[in-house]
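The values are calculated or read from the model by the stated rules, or taken from the named source; none is laboratory data. Given the structure is predicted, the values throughout are model-derived calculations rather than measurements. All Cβ positions, even for glycine, are placed from backbone atoms using ideal geometry, and neighbour counts span all protein chains on display. Note: accessible area is taken over every heavy atom of the protein model, side chains too, but ligands, DNA and RNA are not part of it. Shrake-Rupley method; radii C 1.70, N 1.55, O 1.52, S 1.80 Å.
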Amino acid sequence: MSGLKRDGSLVVSTRPASRSKEPQPPEYNAATAEAAVKAGDVSVALIIPQAWGQNPVSLGPADRGLAIELLNDASDAIAPQMVAGLLQKAAMTAMPSVMAEKGTQYTEQFVGGFTPQQRKRAEANLAQLRKLADTPTTSGSEASPAGPSSAGLIAVHARSVMGQSQNKNLISFYAAAIGVMFLLFTASGSAGALLDEAESGTLDRVLSSRVTMTTLLAGKLAFNMLLAFAQLIVMFLWAWGVFHLDFFSHIPGFVVMGICTAFAVAAFGMLLASICHTRAQLGAVSTLFILIMSSIGGSMFPRFLMPPAMQRAGLFTINAWAIDGFTKVFWRDLPITALWPQVAVLLSIGAVLFFIARRIARRWEFA
């Protein structure tokens with residue numbers, strides 16, 4: 001464990017992160033570690049058996065009985081391989097004395113016993129290795145090739161705790177990711193009708209009646225929201241019919257996330273329409289913003305494969321929160337109550353964007 005903690009490529013934690021002014025949570029056990037992987041709080045979890053320290057290195061088939069269990073999510077195929085490789089690296093760099101001791105035992109077993117002089121020299125070398133192992137080292141000096149998890153020095157048994165069944169596959173992720181991106185294009189294009197009305201003079205005639213700008217924008221927001229939600233239904237039905245997505249058993253969660261996502265993208269489209277002056281300008285600006293949001297928000301590339309800085313930047317996009325919510329529904333099978341962070345953020349984004357759009361739209365009232 002100390003070898004893994006010294007490696008700068010990993011963030012190793014033995015207990016959940018504690019919030020401020022709260023008591024420190026207990027350390028992970030096998031059940032809570034598996035629950036953390038299922039909830040998406042951690043990418044992988046290592047379950048180390050209690051008696052594993054008595055025989056940690058596996059140099060032969062006889063040592064394969066006791067293995068470290070690596071729990072992972074099947075949606076992230078890179079994390080378990082990386083952790084398994086770094087585990088082998090840690091074994092080669094942090095436990096040289098254990099490897100030498102096991103090698104000595106196998107030599108005596110299969111080659112023959114040592115002479116007293118040879119045994120004395122081997123024990124002296126083992127003592128020196130134990131002394132070096134206890135000396136702190138920096139992660140930069142621990143460069144060593146990583147072996148495969150199934151045939152390395154450490155016996156590792158990888159087990160997927162999410163995504164084992166046929167219907168729980170990446171189709172749910174990509175249906176949400178691509179769906180949100182196209183919803184943004186649809187909402188911005190539909191909101192462009194406001195610019196067409198302003199150019200043709202229809203908007204002035206409507207505002208000369210008893211219809212206020214707030215009422216007009218709210219009506220267009222509702223229409224764009226229903227249009228986006230209908231498009232989302234069509235895309236998920238297509239995923240169900242063609243790619244066998246488990247859709248109908250997740251209807252409640254889909255409705256909650258679909259409505260919140262549709263509200264956020266509709267408000268986004270209204271904001272872009274209120275900022276731009278022509279339909280051509282709206283097309284260029286919306287394409288630029290939507291592609292940037294989709295690239296860092298996870299619609300084009302999974303966020304869990306991005307660097308931590310990019311993952312944090314993705315939280316400023318509608319895409320990231322919508323994809324996280326749909327992943328909780330279709331992949332992790334979490335209850336609706338677990339969606340409250342995504343629901344709260346999407347509704348807040350929609351309300352703020354609509355308020356800004358209303359303020360900017362005042363230019364048509366005084367034109």
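In table form, for the structure just shown:
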read-out	value
Of Pro335, Ala357, Ala309, farthest towards positive along the dipole that unit charges on Lys, Arg, Asp, Glu beta carbons give the stretch 309-367	Ala357
Accessible area (Å², 1.4 Å probe, nearest 10) - Ser43	70
Burial ranking of peptide ranges 217-226, 299-308 (average Cβ count within 10 Å, highest at the top)	217-226, 299-308
Separation of alpha-carbon centers, the stretch 271-350 and the stretch 168-196, rounded to whole Å	10
Distant-in-sequence amide H partners of His157 (H built 1.01 Å from N, under 5 Å)	Ile68, Glu69, Leu70
Peptide ranges 23-35, 262-274 listed from the most packed, as the mean C-beta count within 10 angstrom indicates	262-274, 23-35
In sequence order, calculated HN-Hα J values of the stretch 207-223 (Karplus, 6.51, -1.76, 1.60; Hz; x Gly/Pro)	6, 6, 8, 7, 7, 8, 5, 4, 5, 5, 5, 5, x, 5, 4, 5, 5
Estimated vicinal HN-Hα couplings, Hz - the stretch 335-343 in sequence order (Karplus 6.51, -1.76, 1.60; Gly, Pro = x)	x, 4, 4, 6, 8, 4, x, 5, 4
Order by protection proxy (mean Cβ within 10 Å, highest first), peptides 313-319, 114-120	313-319, 114-120
Two-site FRET efficiency, Arg363 against Ala39, from Cβ-Cβ distance with R₀ of 30 Å, rounded to 0.05	0.05
Point-to-point label distance, Met310-Phe289, nm (Cα→Cβ direction, 7 Å offset)	2.4
